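Heads up, the thing below is written out as structure tokens.
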Amino acid sequence: MRFSRLRLNGFKSFVDPTDLIIQDGLTGVVGPNGCGKSNLLEALRWVMGENRPTAMRGGGMEDVIFAGAATRPARNFAEVSLELGGKSPFIVFEDADIESAVNASIAGIFGATGQSCVAGSRLYLHEDIADEFLEKMTALTRQIVIGDPLAEETQMGPLCTTGQLENIQREVAYAQEQGATILAGGKQPDGMGGLFYEPTIIECPRQDLQIVDTELFGPVLSVQRFKTEEEVLKLANDSEHGLAAGIFTRDSARSLRMANAVQAGIVWVNTYRVVSPIAEFGGVKGSGYGRESGFQAIYDYTRPKTIWVNTSDEPISNPFVMR
């Protein structure tokens, strides 16, 4: 059994890592003989680490609650808001406006040279429109002008670091070894050195290719085909990440079903990369927690305070005398 919420009771005395109890089907209670960790940091490492109990694995756990005292209490219990990037699915159904979806996908993955945490870097195409979509997209991708970001004609600039470039080259090469096919790009532009890399579209035959769920922070798009809504939902959610998602369909009922079911903190329907200071920005699963912008961000930077005021002129009665 897996659960979404974990409560650690009196974790200063944990000694037995097998003492894991499922409570109400949702909450896991560990303790008083739980993880053998004597402080918050060690306990957190145990909860989130590679050797955590099986019930904690699979990306389903959303909350960790600590109760009790540590033998070495933290000096500063600062709250943490984490935005940890993503590998966002961009889903196009057979009834979508193809031209609109192609342009949105290009903007979503090649804008800012793909150096965006919400980049739509996993493209899922319904098999009925996949060929048409890819023909249009690869044609436009090959027309993107790469160059000096300060030049008027430039449409896509360089990567930020050598490390990014080397990682992208390594991952693209490995994807090809695993059976992926490059449809566009896949290399540095001819005659250009530095940190430039061509906008790349790479078709992946399987979900388990490493590149499918590895954030590259660059202009590399992995593509897969699907047959049904159920299949693509499973593929979209089969990820450690959960920052954003795009859904393109003219079926309003399907768009609402998918938007509700996809595991992402931000969902765009028939558009992509729209942001506003009044809309919360943040993810789920491995993409972190906490929110930027919107009212939730205000809550993150404030703390509630409870104040009780006795407005009576009557003296407080003796608590040991029955009334």
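The values are calculated or read from the model by the stated rules, or taken from the named source; none is laboratory data. Predicted, not measured: the structure shown is a model, and the values here were computed from it. Here the Cβ is made from the backbone with ideal geometry for all residues, glycine too, and neighbour counts use every protein chain on show. Accessible surface is based on the protein model in full, side chains and every heavy atom, while ligands, DNA and RNA are left aside. Shrake-Rupley method; radii C 1.70, N 1.55, O 1.52, S 1.80 Å.
Here are a few things to note about the model shown:
- Simple point charges give the picture: +1 on the Cβ of Lys and Arg, -1 on the Cβ of Asp and Glu, and for the stretch 274-323 a dipole about the Cα centre of about 180 debye.
- Between Ile91 and Tyr124, Gly246, Ile247, Phe248, the built amide H atoms are under 5 Å apart, and every one of these is 5 or more places off in sequence or on another chain.
- Where a label projected 7 Å from the Cα of Glu132 along Cα→Cβ would reach, residues of the stretch 206-237 with amide N under 11 Å: none
- Per residue, the stretch 188-263 exposes 44 Å² of accessible surface when a 1.4 Å probe is rolled over the protein heavy atoms with every protein chain present.
- Evaluated on the stretch 221-323, the Kirkwood hydrodynamic radius is 17.6 Å, with distances taken between all distinct Cα atoms.
- Amide H contacts for Arg225 (H built 1.01 Å from N in the peptide plane; partners 5 or more residues away or on another chain; cut-off under 5 Å): Leu125.
- Label-to-label distance for Ala261 and Val274 is 2.3 nm, based on points extended 7 Å past Cα in the beta-carbon direction.
- Across the cross-link table entries Lys87/Lys136; Lys234/Lys305; Lys87/Lys305, which are compared at the Cα atoms, the separations over 31 Å belong to Lys234/Lys305; Lys87/Lys305.
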